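S.K.: Have a look at this one.
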Amino acid sequence: MSDTQTEKRTKQGGGRAFHSRLELFVDFIREQRRRRKTWQEIAELLRAEKGCPVTFQGVHQFYRRYVKRQARPHWERDAGHTTNPPTAAADFSSRTEWEAQHFRFFFVQRHRPPLAVLMRKCTPALT
């Protein structure tokens with residue numbers, strides 16, 4: 001093995017993080033998708049209007065990764081949030097109606113008594 005190959009293998013990572021040039025146009029891409037434009041049409045619009053030459057596959061892959069990344073929690077972005085579930089005495093006035101409904105549904109699912117207990121309460125005792 002030559003010395004140049006050894007140098008390449010010992011090279012450490014670092015430096016600035018990679019950022020796609022399409023990050024600047026996320027809102028534009030989202031708006032075009034809402035207008036039912038194809039990926040090919042969006043790529044052509046980016047080239048003509050924004051001066052960003054890119055293939056339609058590149059636009060599609062970037063946007064798919066972007067949406068997937070937004071759905072996952074990020075340790076820096078969500079640093080102030082806790083993952084503990086809210087208690088039953090939580091005040092729903094500060095929550096949106098959607099959050100309140102989902103909290104009620106999942107809280108009931110977790111704290112539902114076993115079916116045998118419910119059956120004992122519903123059936124009269126035979127004596």
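S.K.: Placing +1 at every Lys and Arg Cβ and -1 at every Asp and Glu Cβ, with all other atoms neutral, what dipole size does segment 21-72 have around its Cα centre, in debye to the nearest 20? Don't skip to the answer; put the middle values down first.
M.R.: Numbers: 14 positive and 6 negative charges, 70 e Å.
Computed charge dipole of segment 21-72: roughly 340 debye.
S.K.: Within 10 Å of each residue's Cβ, count the other Cβ atoms and sort Val59, Val67, Val54 from fewest upward.
M.R.: Numbers: Val59 25, Val67 11, Val54 18.
Ranked by crowding around the Cβ, least crowded first: Val67, Val54, Val59.
S.K.: Need one word for segment 21-78: rounded, prolate or oblate. Basis is the Cα gyration tensor (sqrt eigenvalues a ≥ b ≥ c); a/c below 1.5 gives rounded, then a/b vs b/c decides.
M.R.: Cα axes put segment 21-78 in the prolate bin.
No value in this document is a laboratory result; all are computed from the given coordinates. Treat the numbers as computed from the prediction; the structure is a model and nothing was measured. Heads up, the Cβs are rebuilt from the backbone with ideal geometry, glycines too, and the neighbour counts pull from every protein chain shown.
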